[in-house]
Every structure is written in structure tokens, then in C-alpha cells.
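Novice: My questions all concern the structure below.
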Amino acid sequence: MIMDTNTPPAVLALCRELDIKQVALRFTDLMGHWHRMSIPISELQEDRFEDGFGLDGSGYPGWQLRDSTDLLLVPQPQTAFMDPFDEIPTLNLICAIQDPDTRDDYLLDPRAVAVKAVSYLASSGLADRALFSPAPEYYLFDDVQFRNDSQTAYYSMNSSGRSLAGGDRQVDSMFMNSEKLLANHERSSGDLNSAILATLLACGLPIRSQKASSSSGLQFGLSMGPDELLQVADRIMVLKYVIKKQSRLYGKQATFMPKPIRDDFGSGMHTYFSFWKGADPLFAGNAYAGLSEVGVGAIGGLLRHAPSLLALTNPSTNSYKRLVMQYDAPVFLAYSQRNRGTAVRVPMYSSSPKTKQIEFRCPDASSNPYLGLSAILMASLDGVQNKIHPGEPLDQNLRNIGMERRRELPQTPTSLASSLGALEIDHDFLIRGEVFSSELIESWIDCKRTMEIDMVRSCPHPKEFELYFDV
């Protein structure tokens, strides 16, 4: 992410130039959480870029299911960037994870999956690279409180007294005349988002745009410039880190939770992508919406595998509270050049073949980007290789379709449990070329069921007290 750090000597020279005092070794666990192991700069010798640093993997979800959890963190020099928040000059290095006995990539390292997905695409002969441009959304709150224990369950969100009923921009009656308060809120959010943008650019992230995304004024979105899968997945982890840390410095709390507010828009991570061979874009042609046969096949693969694909791109129980027939949520397993309620859209902003992309609208930022983007690539590639046609586009205005007709259209799964069930049955497209392993998929499903689905299912919900306490 910083220029001229593609080799260990270049990283070490940069450390001397910037008087770096410590190094933060960064890695992502199976569930998508970003972790840090700090070392003094004296420990970062050139041989460490080959030999790595020891890590006990037993405390990380999914990895502790293995008999052996001794792992190696191997710094990747091309990922170096200065930490924008540490008072002590700190260099961040994203790490690959290896098995210390074989020195192979660790089977359950999500970043290794992305590396293998990129290699598999190139080996297919169809394309040599896939470019991704995600657009993650997030909410900013002044204060969020929540608690869950054996006798208490609640959450409370506050943002300068705003009431978000119906997704409308309203103010509670006690603040009805507090125009100054609202002005301060908007100004502080604007200052914060300016700081977020500046920090992301300083970290080397190619941000194309930043905007407010919902009528409440609390949701924001960022559009990232296109790059190859591995680099984009790394940048998503950096982006989430920066936004959360910067928000705390401004006294606010940021969340990428897909549906934090019941009556407002959900937060997605619409993902634009295209296949290329050399300098030639492969999605542009003379078919529907200016697509090529390759582009049509890619859509066919996405829609064919969508129920199982969402277990990786929408992997939280909360994800499916966003995927409902409201707020232009992409719930219909169809494609269109205009409807935003379809899972796949073909943007028509430009007629240039080099800008021809497919937008997969379902994903959200609760996903592990290494796994989610790799799964999107593999589903699309399967569609191209097997010439899967997606059927007729759904260009009719969805608001003019009756509710009965809407229910007849194929739709996304309604729960994480349904998506995981689909993934159990339909994952052959993921394990081709050993990109994903059966062990990783089994571990993913087991963790999601035992640590999330079963936990949420076993906890009484506040709404149940309203419905059933006086029965």
C-alpha cells in the first residue's frame, strides 16, 4: 500500500527512514476478525520475511477445531503502511499464515484462499485477472449501548436525539427546537467523514467517492477504485479498521452491521467486478446491456449459486434482516440494468468496454472479504465455464408488480441457516482447483451454526416479551 515496499530490504529501509519503533503484524481469522501482534522494530530482520513469527492459533474461532494450532505469521512486504493512529511510529504488515511443519499455506487461512482464487483464474485460460470495486456502507451513531445476559437483553442507539421511525429524518419532540444540536451533529459527521477520507487516502486506499446513503443522515458509503482480488480484500480490512478507529476519536461509533436500524436502509457492500485478459475487458459485448457471453455466463453462475454463495458474502444472522422486500434490498434472484431490487445489476453509466462491470448487490461488510470475494469469483467463473444462462432479465418496474407476483419470483434465502444448508449441498464450484478446502467449508459451517445461529436462537428476544409475556 506504500510505494516501493515490494521487498524486505525496501521495508527495512523505510523503517529506518521513518524511525519506526514497532511493527504491527496483522492477520485475519476465519470469521473475518482483524488481529494484531506487536513486535519491537529490532525483531523485524530480513530473514523474518521468510521464517515468520510463531502464533498460537488455539484462541481463534474455527482454527481451534484443529489438532495442531501452532502457526506462522509471515509478513508480506508489499502490504506495508504506517499506522495512522498509534502515537509510537508503527508500521503495519499484513501476514500470510503458514503451517510451521510443511511451510505450506495454512489450510484455514482466508487470505490464502484469495491467493489461490487468483491463481486458479489465471490457470483457467479464460482470464488472467479479475478487478473488484466494492462499495461498503456503514452507520455512525453518537452512542450505542447493548447488553445480553441471563436476565437482560436490550440495545439502544442515539444520534443527537434523532428518531428513525419509518426511515424518515425526524427529531424526537424533546429536541424539536434544537436546531443547533442537529447542526452540530451534521457538522461533526461531516468533519469525521472528511477525516476518514483523508486517512484512507494516506493509507494508500484508492477511494473514488464518499456519500450519505440513507434518508436518516446516519448512513454513509464509500466506493473503492478497482484492483485485483487480494489487494482489494486487504484494503477492506484496512478500511474497516480506519473507520472504526477514526470514529472513536470523534466521539462516535461506526458499525458495518447489515441492519442496525429496523426502519431504515440496511448496509450492504455492493461489489462491482470484471474479468480481463491482458488489456482486454471480457465482459463487454453485444448481448443484453452491452454484455459479452462471458459476462452473461458470469451472471448465470452468480444466480445459480446464490443461495450457497450468500453463506459467505452475507454470513451473519443480521444479514437477512437487510434482505427483505423494502428499501431497494436486492432480494430477487434475477438481473437487470435498472432494478436495484435484483441480486445482480449491470451498471450503464458508461458505454466504454473498459468500464463494463457486473454489480453483485447482495454482499455486506460482515463478510470475510478474502472468502466472500473469492466465492464471487468462483461462482462467476463456473457460470462462464459451464455456459450457465441466467434467463430473461427482470427489467419491469418492481413497484408495479403486485405482491403476489413478487412472491412467485425466486428470492434470496431468508436466514443464515438456509444459506448454510445450501452451502453444504452446493460447494463443488468452490473447491475446484483446491481454492477452498472441504475442511474450511466444514469449519465455517460448524462455527456459524454453533457460535451464532444456535446462540441467537436460544436467547429470548425483547419482542417476544411484548408478544408473549402476558399470554
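Novice: Please specify each residue of the range 25-50 satisfying the condition of being assigned to a strand (DSSP E or B), buried (at least 17 other Cβ atoms within 10 Å of the Cβ), in contact with a Leu (Cβ under 7 Å, 6 or more places away or on another chain) and not aromatic (Phe, Trp, Tyr).
Specialist: Residues of the range 25-50 that are assigned to a strand (DSSP E or B), as a first pass: 25-28, 34-40.
Those left that are additionally buried (at least 17 other Cβ atoms within 10 Å of the Cβ): 25-28.
From the residues that got through so far, the ones that are in contact with a Leu (Cβ under 7 Å, 6 or more places away or on another chain) too are 25-27.
Result: Leu25, Arg26.
Novice: Further, regarding this structure: Does Leu197 fit the bill of being more than 16 Å from Phe256 (Cβ to Cβ), modelled with pLDDT of 95 or more and open to solvent by 20 Å² or more (accessible area, probe 1.4 Å)? Walk me through it before giving the result.
Specialist: Working: more than 16 Å from Phe256 (Cβ to Cβ): yes; modelled with pLDDT of 95 or more: yes; open to solvent by 20 Å² or more (accessible area, probe 1.4 Å): yes.
In short, yes.
Novice: Of the residues Arg340, Arg304, which is touching a helix residue (DSSP H, G or I) at 6+ places or on another chain (Cβ under 9 Å), open to solvent by 10 Å² or more (accessible area, probe 1.4 Å) and modelled with pLDDT of 95 or more?
Specialist: Numbers: Arg340 fails: modelled with pLDDT of 95 or more.
The conditions single out Arg304.
Novice: Is the range 440-456 home to any residue that is small (Gly, Ala, Ser) and open to solvent by 20 Å² or more (accessible area, probe 1.4 Å)? Outline the logic, then answer.
Specialist: If we filter the range 440-456 for residues that are small (Gly, Ala, Ser), which is where we start, we get 443.
Those left that are additionally open to solvent by 20 Å² or more (accessible area, probe 1.4 Å): none.
Scanning the range 440-456 turns up no residue that is small (Gly, Ala, Ser) and open to solvent by 20 Å² or more (accessible area, probe 1.4 Å).
Novice: Right, something else. Looking only at the range 210-259, count how many residues are among the small types (Gly, Ala, Ser) and surrounded by fewer than 18 Cβ atoms within 10 Å (Cβ to Cβ).
Specialist: First pass over the range 210-259, keeping only residues among the small types (Gly, Ala, Ser): 212-217, 221, 223, 225, 233, 247, 251, 254.
Restricting the remaining residues to those that are surrounded by fewer than 18 Cβ atoms within 10 Å (Cβ to Cβ) gives 212, 215, 223, 225, 251.
Counting residues in the range 210-259 that are among the small types (Gly, Ala, Ser) and surrounded by fewer than 18 Cβ atoms within 10 Å (Cβ to Cβ) gives 5.
Novice: Out of Glu442, Glu434, I need the residue that is on the phi > 0 side of the Ramachandran plot and at pLDDT 95 or above. Which one?
Specialist: Working: Glu442 fails: on the phi > 0 side of the Ramachandran plot.
Going through Glu442, Glu434 in turn, just one is on the phi > 0 side of the Ramachandran plot and at pLDDT 95 or above: Glu434.
Novice: While we're on this one: If Gly421 meets every condition in (1) under 26 Å from Val456 (Cβ atoms); (2) in contact with an Asp or Glu (Cβ under 8 Å, 6 or more places away or on another chain) apart from one, which number is that one?
Specialist: Looking at each condition in turn, Gly421 falls short on (2).
Novice: Take the range 7-24 and flag every residue that is surrounded by 14 or more Cβ atoms within 10 Å (Cβ to Cβ) and outside any helix (DSSP H, G or I).
Specialist: Residues satisfying the conditions are Ile20, Lys21, Gln22, Val23, Ala24.
Novice: Filtering the range 404-439 down to residues that are closer than 20 Å to Ala334 by Cβ and free of Cβ contacts under 8 Å to residues at least 12 places away in the same chain, which residue is surrounded by the most Cβ atoms within 10 Å (Cβ to Cβ)?
Specialist: Arg405
Novice: Here is a follow-up. In the range 109-137, which residue that is out of contact with any strand residue (DSSP E or B) (no Cβ under 8 Å at 6 or more places or on another chain) and crowded, with 21+ Cβ neighbours inside 10 Å is farthest from Ile243 (Cα to Cα)?
Specialist: Within the range 109-137, the match that is farthest from Ile243 (Cα to Cα) is Ala117.
Rundown of residues vs (1) on the phi < 0 side of the Ramachandran plot; (2) buried (at least 22 other Cβ atoms within 10 Å of the Cβ); (3) small (Gly, Ala, Ser), yes/no style:
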{"position": "Val296", "(1), (2), (3)": "yes, yes, no"}
{"position": "Met325", "(1), (2), (3)": "yes, no, no"}
{"position": "Val331", "(1), (2), (3)": "yes, yes, no"}
{"position": "Ser351", "(1), (2), (3)": "yes, no, yes"}
{"position": "Thr355", "(1), (2), (3)": "yes, no, no"}
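Novice: Something else about it: Just give me the residues in the range 373-418 being among the β-branched types (Val, Ile, Thr) and over 24 Å from Tyr272 (Cβ atoms), in sequence order.
Specialist: If we filter the range 373-418 for residues that are among the β-branched types (Val, Ile, Thr), which is where we start, we get 376, 384, 388, 401, 412, 414.
Within the range 373-418, Ile401, Thr414 qualify.
The values are calculated or read from the model by the stated rules, or taken from the named source; none is laboratory data. All values reported here derive from a predicted model rather than from experimental measurement. Ideal geometry is used to build each Cβ from the backbone, glycine not excepted, and the neighbour counts take in all protein chains shown. In case anyone asks, the SASA skips ligands and DNA or RNA and just uses the protein heavy atoms, side chains included. Shrake-Rupley method; radii C 1.70, N 1.55, O 1.52, S 1.80 Å.
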